[in-house]
Structure formats: C-alpha cells, structure tokens
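Just so it is clear, none of the values below were taken in a lab; they were calculated from the coordinates. Remember, predicted model here, so these are calculated numbers, not experimental data. Cβ atoms come from the backbone with ideal geometry, glycine included; neighbour counts cover every protein chain shown.
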Amino acid sequence: MTSEISLNIVKLRAEIPSGVQLIAVSKTKPIGLLFEAYQAGQRVFGENYVQEITEKQPKMPADTEWHFIGHLQTNKVKYIAPFIHCIHAIDSEKLLDEIEKQAKNNNRQIRCLIQVHIADEESKFGLSVEEINPFLQKIAQKKYSHVIICGLMGMASFTDNEDKVRSEFRLLKTIFDGAKSDYFSNNTNFTHVSMGMSGDWKIAVEEGSTMIRIGSALFGQR
Ligand SMILES: *Cc1c(COP(=O)(O)O)cnc(C)c1O
C-alpha cells in the first residue's frame, strides 16, 4: 500500500529542481513515519531537539543523513557529534569551536551553516544582518579541520505577504553571494543557502535556495 507520506514525497520531489536538497523535518513525529519516508527513498532528515534526535538516530537505517536544524546549546554538541551530518543554526564562534572539538574527538567532520536573522520578527536566534559579515570574515580565517563551513541558513517572517518573504530570502542570498566572493572564494564547500519551509519553499527556491526544510507538508501538522 502506498502511504500518504510517500505520495507527499513523490509529489514534492517532482516539483523541486534537481539542485535543491529536500530535508524532511520530522520533529515530534514518531519513528514509523520517518521509516515510511525512508521507504519512499528519503534519506535526509532534520530534527530540532537533541534528546529526540539521539533517540531516533539508532532506530533508523545507518545510511540516514541527519541534519540538526534547531537552536543548539554548546553543552549538547557532544551528544550529536558521533553521527550528525550538518548543523544548520550556528550563531556563535563558541559553538563552532565546540563542534570542532567534538568532531575531532569522534574522528569525523561536521558540516555547519551559519544562521542569519532575516525576518523582522523578535527572535534571539541567528546573527543579525549587521553582525553577519564581520562574523563570517573572522571564522573564514580560522583553521578548522573538523568543521566544514557550508553556507548560510535563514527563516523568513511568518506572514502571507509574499513580497516580504521574497525580499527576506533575497537578502539572505545576497549576503551569501557577497560572503562567498569576499571571504570564502577558496572554500569549495561554501555552497549552500538553507531556506524555505512548507509554506514558503517555492519562493525560497526561486530566490536561490539549495536546501529546503519541509515538515508539515510531508508529515502533516504538528
Ligand atoms: C520546524 C522547522 C521547519 C519545518 O517547518 P514546516 O513549516 O513544518 O515545514 C523548518 N525549519 C526549521 C528551523 C524548523 O524549526
């Protein structure tokens, strides 16, 4: 029997351009639903909570690729370092230094995206548009060997004003392009702009997203 989740995945895949990676955001969803998505060919999953991801990870097949997309506290990096593929919401040098240390302890490399606060909503997460360039300039000069800086991540305002959402995504892409040429021109890994969720991914893709993080449109409302 074809599950609703597999239908959702097939439909969505048909709509996304080939260069855009689909991250299935499975936070709060039971492992059975992740497995349905896996059976439909989905390998990349995004989770927001350390306790939840560390419980789910051993229950899924070994070739599942895990992305941590929520706010990450420095003291919890050690719990996900053995398996995490990519961490999307980096907002401090201290966090990057801890990821470097824990990745090294595990003899592996961890991909990281720096979160930029592009929405004009109150949030304590992500670097502001004013802070981002000095931050990127600084970390581009650090010699991380176990952290791979792969690009930027952002969330647009929660609004049905499409022009506003579009201009926020456009801003993130502009910051990315500037940072790539100014600070990361020698870094072939600096290639990703993680933007777009269930309600706004089409706009994000039009504005240059390379990774969309889709939860409710695949797994249903939380
Ligand atoms: C929950 C979450 C998503 C997915 O949101 P949906 O609207 O369910 O697609 C994407 N990104 C982040 C950072 C999230 O926390």
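When the residues of region 28-66 are filtered to those that are within 19 Å of Pro82 (Cβ to Cβ) and hydroxyl-bearing (Ser, Thr, Tyr), which remaining residue is nearest to the chain's Cα centre (by Cα)?
Result: Tyr49.
Scan region 198-222 residue by residue and report those that are over 17 Å from the mean Cα position of the chain (by Cα), not in a loop (DSSP other than H, G, I, E, B) and not hydrophobic (A, V, I, L, M, F, W, C).
Glu206
Could you list all residues from region 9-65 that are within 20 Å of Met197 (Cα to Cα) and among the aromatic types (Phe, Trp, Tyr)?
Passing the criteria: Tyr38, Phe45, Tyr49.
Taking region 63-118 only, how many residues are aromatic (Phe, Trp, Tyr) and touching a His at 6+ places or on another chain (Cβ under 8 Å)? Write out each step before concluding.
Residues of region 63-118 aromatic (Phe, Trp, Tyr): 66, 68, 79, 83.
Those still in the list that are touching a His at 6+ places or on another chain (Cβ under 8 Å) too: 66, 68.
Number satisfying all stated conditions: 2.
Name, by its number, the condition in (1) away from the ligand (no atom under 16 Å from the Cβ); (2) more than 22 Å from Gln21 (Cβ to Cβ); (3) surrounded by fewer than 19 Cβ atoms within 10 Å (Cβ to Cβ) that does not hold for Phe158.
Failed condition: (1).
What is the one condition in (1) more than 13 Å from the ligand (Cβ to nearest atom); (2) in a helix (DSSP H, G or I); (3) in contact with a strand residue (DSSP E or B) (Cβ under 8 Å, 6 or more places away or on another chain) that Arg166 does not satisfy?
Condition (3) is where Arg166 drops out.
Looking at Val129, is it at negative phi and buried (at least 19 other Cβ atoms within 10 Å of the Cβ)?
It is false that Val129 is at negative phi and buried (at least 19 other Cβ atoms within 10 Å of the Cβ).
Going through region 202-215 one residue at a time, which ones are within 12 Å of the ligand (Cβ to nearest atom) and either farther than 18 Å from Ala89 by Cα or among the β-branched types (Val, Ile, Thr) (or both)?
Those that are within 12 Å of the ligand (Cβ to nearest atom) and either farther than 18 Å from Ala89 by Cα or among the β-branched types (Val, Ile, Thr) (or both): Ile212, Ile214.
Yes/no matrix, rows are residues, columns are (1) over 27 Å from Ser167 (Cα atoms); (2) hydrophobic (A, V, I, L, M, F, W, C):
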| site | (1), (2) |
| --- | --- |
| Glu36 | yes, no |
| Gly41 | yes, no |
| Asn48 | no, no |
| Val116 | no, yes |
| Ala119 | no, yes |
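Here are some residues: Ile114, Ile148. Which one is touching a residue at least 40 places away in the same chain (Cβ under 8 Å), outside any helix (DSSP H, G or I) and closer than 22 Å to Phe83 by Cα? Even if it seems obvious, please write down each step before you answer.
Working: Ile114 fails: touching a residue at least 40 places away in the same chain (Cβ under 8 Å).
Of the residues listed, the single one that is touching a residue at least 40 places away in the same chain (Cβ under 8 Å), outside any helix (DSSP H, G or I) and closer than 22 Å to Phe83 by Cα is Ile148.
State whether one or more residues within region 176-197 are in contact with a Cys (Cβ under 9 Å, 6 or more places away or on another chain), within 16 Å of the ligand (Cβ to nearest atom), within 23 Å of Ala14 (Cα to Cα) and not in a helix (DSSP H, G or I).
Yes: one or more hits.
Any chance region 12-21 includes a residue that's in contact (Cβ under 8 Å) with a residue 24 or more places away in the chain, outside any helix (DSSP H, G or I) and over 30 Å from Lys138 (Cβ atoms)?
yes
Could we say that Ala62 is out of contact with any Leu (no Cβ under 8 Å at 6 or more places or on another chain), surrounded by 15 or more Cβ atoms within 10 Å (Cβ to Cβ) and either without any contact (Cβ under 8 Å) to a residue 40 or more places away in the chain or not β-branched (Val, Ile, Thr) (or both) here? Steps first, answer last, please.
On the way: out of contact with any Leu (no Cβ under 8 Å at 6 or more places or on another chain): yes; surrounded by 15 or more Cβ atoms within 10 Å (Cβ to Cβ): no; either without any contact (Cβ under 8 Å) to a residue 40 or more places away in the chain or not β-branched (Val, Ile, Thr) (or both): yes.
Spelling it out, it is not the case that Ala62 is out of contact with any Leu (no Cβ under 8 Å at 6 or more places or on another chain), surrounded by 15 or more Cβ atoms within 10 Å (Cβ to Cβ) and either without any contact (Cβ under 8 Å) to a residue 40 or more places away in the chain or not β-branched (Val, Ile, Thr) (or both).
In region 23-33, how many are of a type in the set (A, V, I, L, M), farther than 12 Å from Trp66 by Cα and either in contact with a Ser or Thr (Cβ under 7 Å, 6 or more places away or on another chain) or within 14 Å of the ligand (Cβ to nearest atom) (or both)?
1
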